[in-house]
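This report refers to the structure that appears directly beneath it.
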Ligand SMILES: Cc1cc2nc3c(=O)[nH]c(=O)nc-3n(C[C@H](O)[C@H](O)[C@H](O)COP(=O)(O)OP(=O)(O)OC[C@H]3O[C@@H](n4cnc5c(N)ncnc54)[C@H](O)[C@@H]3O)c2cc1C
């Protein structure tokens, strides 16, 4: 089944639900006309329909594999990533000062929504890198910016997020990875992490890992966590690639869904030769990581929107074509497409309504994020920052919960065929499951909303 990027729905959401009108009052976006938005969304739609959507089922069946210590991604991902970077999509909403295009975050959100619908297991790779770029941009030294930022903004190198350890998931206070200063500005990193998305891959020559670790004299708990830039290949002073760092993927998880997205067990300094540099201040790593996490949390909500959209489109197409039964009270004559049955319509309308509502919440969060930085009035900036704070856990948790509901309905619309992998409906349900878990489970989002944001 083909995928059609829902460009008109996206434009409607931007214009009528997400307060796009307020954004265009900001100087930074005064040149972002409706025509430009339409051109960007249509172009993005073509890339998603033609390049990413055909890879979705392939990535489910031929997921990432670990071969001789290197992760090989699904066939077709390398070429698709090339088109992604060549089209400038990664830098769409990054600041112009670091080589980005300075467009509103909410346009990147619409793009992330489409890419997730087209191929969810690919989508998290650039999303995480954009989050890593934001964390580096917020805290890096001039030297770190020079060595890493431009290559990451162009997409030549990709970034990752390394928090989770076996004993330290929702609660990072128990984190054990160590960082010891060696006296030349670098730190020796030792330890192991689990569940690191795209912790290794064959899409770029270098991978820039942002790693949370503890200094030798660090206070206990979350107040003693620092963040480090740990490249897969060490970077020479002139920016060229140097020797390989001792950071590697030592195992790949077998998962329920998103098989194309490698989930890596990472080892740092097994042979004592893993080096990184401190990003930001000592013991302030969690604050830096929250810059990345807050951006990525809304994007996980958008993954939910995307996978729900794809599931809806598939269910609608099936319901129009599958003939079974007659309307209530009609005893003879031709059978009708199941679309004619009220219960099937109920499911389809629910899927559509929940998907659109999730989209509206996620785009609204992104617009508030943009306003918090660019609104001309300080009071508007402050209230937008507060709304962004409240909407972030809601966008993540509600949209991902609803993605699970919608994709389950998508299976139901297919009847028995929904349970059979061949139709593709089951893949959406399996893929959607993770969105309620990673980037902080939805239970943790609820705690964030009630204890910090309200
Ligand atoms: C496919 C995949 C990709 C991932 N990618 C990354 C990545 O790139 N980088 C990275 O660092 N991590 C990554 N993760 C880790 C992910 O963010 C964690 O799995 C998630 O945050 C939950 O942590 P946990 O698995 O340790 O669960 P636990 O913390 O053990 O939680 C188990 C259950 O207890 C609940 N719970 C825990 N604490 C509380 C509390 N205080 N109050 C109420 N309920 C609570 C949780 O909500 C959950 O339901 C990934 C995980 C997966 C599966």
message: Name the single residue that is nearest to residue 262 (Cα to Cα) among those in region 180-193 being surrounded by 19 or more Cβ atoms within 10 Å (Cβ to Cβ) and within 16 Å of the ligand (Cβ to nearest atom).
response: 193
message: Tally up the residues in region 150-170 that are more than 6 Å from the ligand (Cβ to nearest atom) and in a loop (DSSP other than H, G, I, E, B), please.
response: 5
query: Which of the residues spanning region 205-221 are within 16 Å of the ligand (Cβ to nearest atom) and surrounded by 17 or more Cβ atoms within 10 Å (Cβ to Cβ)?
result: 207, 208, 209, 210, 211, 212, 213, 214
task: Inspect region 428-450 for any residue being buried (at least 19 other Cβ atoms within 10 Å of the Cβ), under 24 Å from the mean Cα position of the chain (by Cα) and farther than 24 Å from residue 169 by Cβ and give the result as yes or no.
output: yes
message: Can you say whether residue 255 is over 30 Å from residue 407 (Cβ atoms) and either modelled with pLDDT of 95 or more or in contact with a helix residue (DSSP H, G or I) (Cβ under 6 Å, 6 or more places away or on another chain) (or both), as far as the supplied structure shows?
response: no
Lone qualifier among 135, 118, 110 - being modelled with pLDDT of 95 or more, under 24 Å from the mean Cα position of the chain (by Cα), within 16 Å of the ligand (Cβ to nearest atom) and surrounded by 22 or more Cβ atoms within 10 Å (Cβ to Cβ): 135
- request: Identify the single condition in (1) in contact with a helix residue (DSSP H, G or I) (Cβ under 8 Å, 6 or more places away or on another chain); (2) closer than 30 Å to residue 328 by Cα that residue 369 does not satisfy, given that it satisfies every other one.
  value: (2)
statement: Restricting attention to region 69-79, the residues that are buried (at least 17 other Cβ atoms within 10 Å of the Cβ) and closer than 18 Å to residue 197 by Cα number exactly 5
Region 48-62 - residue that is more than 18 Å from the chain's Cα centre (by Cα) and not in a helix (DSSP H, G or I) and, of those, nearest to residue 1 (Cα to Cα): 54
query: Are any residues in region 251-283 part of a loop (DSSP other than H, G, I, E, B) and more than 16 Å from the ligand (Cβ to nearest atom), and if so, which ones?
result: 269, 270, 271, 272, 273, 274, 280, 281, 282, 283
task: Within region 71-102, work out how many residues are part of a loop (DSSP other than H, G, I, E, B), in contact (Cβ under 8 Å) with a residue 60 or more places away in the chain and in contact with a helix residue (DSSP H, G or I) (Cβ under 7 Å, 6 or more places away or on another chain).
output: 4
message: I'd like the full set of residues that are over 22 Å from the mean Cα position of the chain (by Cα) and within 15 Å of the ligand (Cβ to nearest atom), limited to region 230-250.
response: 247
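The values are calculated or read from the model by the stated rules, or taken from the named source; none is laboratory data. Predicted model only: the values in this text are computed from it and were never measured. Heads up, the Cβs are rebuilt from the backbone with ideal geometry, glycines too, and the neighbour counts pull from every protein chain shown.
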